[in-house]
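Heads up: the structure comes next, in structure tokens.
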Amino acid sequence: MSDPVVAGYIEEHFVPWHVDHSRDTALVTRFDVFMTPTQLYLDEKGREFYRTVAFLPPDRFLAYLALGRGMILFRTLRYQEAADVLDTVPRDLVECGATPEAILFRGVALDKLSGGHSNRKRSGLELQERYPDSDWAWRSLVWRGQ
């Protein structure tokens, strides 16, 4: 990894594992790797919680790394940590395709903590305002009461 910020984020938050697509065919098959590069976001048991494919510039890749990390936390029921990490995507990182997805799941994570629905609605309204044509805004339509 040539970008020091991305390399530092990976080193701090992940255990990177490089698989040779042409030699490690059992892993390629197990994880259904159909193109390179593929980034899988797995837990310590090898369960996949998120995936990205193809190359991205460092700033966008960093946003997807944060989103992938947030999704691991979300799907392992660590909702406060997930919300905190997902919030870094729209707040601190470059605006890209990861941003609306992070906004939606941040709201869901906060509602999982509170037992309510107000954060989903707030996320839906933010998506409607900032990313009205995104699929994530459409997915939040039901929460906005429309």
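The values are calculated or read from the model by the stated rules, or taken from the named source; none is laboratory data. These numbers were taken from a predicted model, which means no experiment stands behind them. Positions of Cβ are generated from backbone atoms using ideal geometry, with glycine treated the same way; all protein chains shown enter the neighbour counts.
For the reader, a short list of remarks on this structure follows.
- Hits in segment 30-65 - residues which are basic (Lys, Arg) and assigned to a loop (DSSP other than H, G, I, E, B): 45, 47
- Candidate set: segment 49-66, residues that are surrounded by 12 or more Cβ atoms within 10 Å (Cβ to Cβ) and out of contact with any Phe, Trp or Tyr (no Cβ under 7 Å at 6 or more places or on another chain); chosen: the one farthest from residue 84 (Cα to Cα): 53
- In the set 142, 108, only one residue is assigned to a helix (DSSP H, G or I), more than 20 Å from the chain's Cα centre (by Cα) and not polar (S, T, N, Q); that residue is 142.
- Figure legend. Inter-residue proximity from segment 99-115: first residues more than 26 Å from residue 59 (Cβ to Cβ), second residues of a type in the set (Ser, Thr, Tyr) and at pLDDT below 95, beta-carbon distance below 6 Å, spacing 6+ or different chains. No pairs are indicated.
- Answer residue from segment 38-56, given it is out of contact with any strand residue (DSSP E or B) (no Cβ under 7 Å at 6 or more places or on another chain) and among the basic types (Lys, Arg) and is nearest to residue 102 (Cα to Cα) among those: 47
- Selection within segment 4-15 - surrounded by 10 or more Cβ atoms within 10 Å (Cβ to Cβ) and assigned to a loop (DSSP other than H, G, I, E, B): 14
- Candidate set: segment 111-123, residues that are outside any helix (DSSP H, G or I) and small (Gly, Ala, Ser); chosen: the one nearest to residue 144 (Cα to Cα): 116
- Among the residues of segment 74-98, those that are surrounded by fewer than 22 Cβ atoms within 10 Å (Cβ to Cβ) and in a helix (DSSP H, G or I) comprise 75, 79, 80, 81, 84, 87, 88, 90, 91, 92.
- Yes/no for residue 69 being among the basic types (Lys, Arg), assigned to a helix (DSSP H, G or I), buried (at least 19 other Cβ atoms within 10 Å of the Cβ) and in contact with a Gly (Cβ under 7 Å, 6 or more places away or on another chain): no
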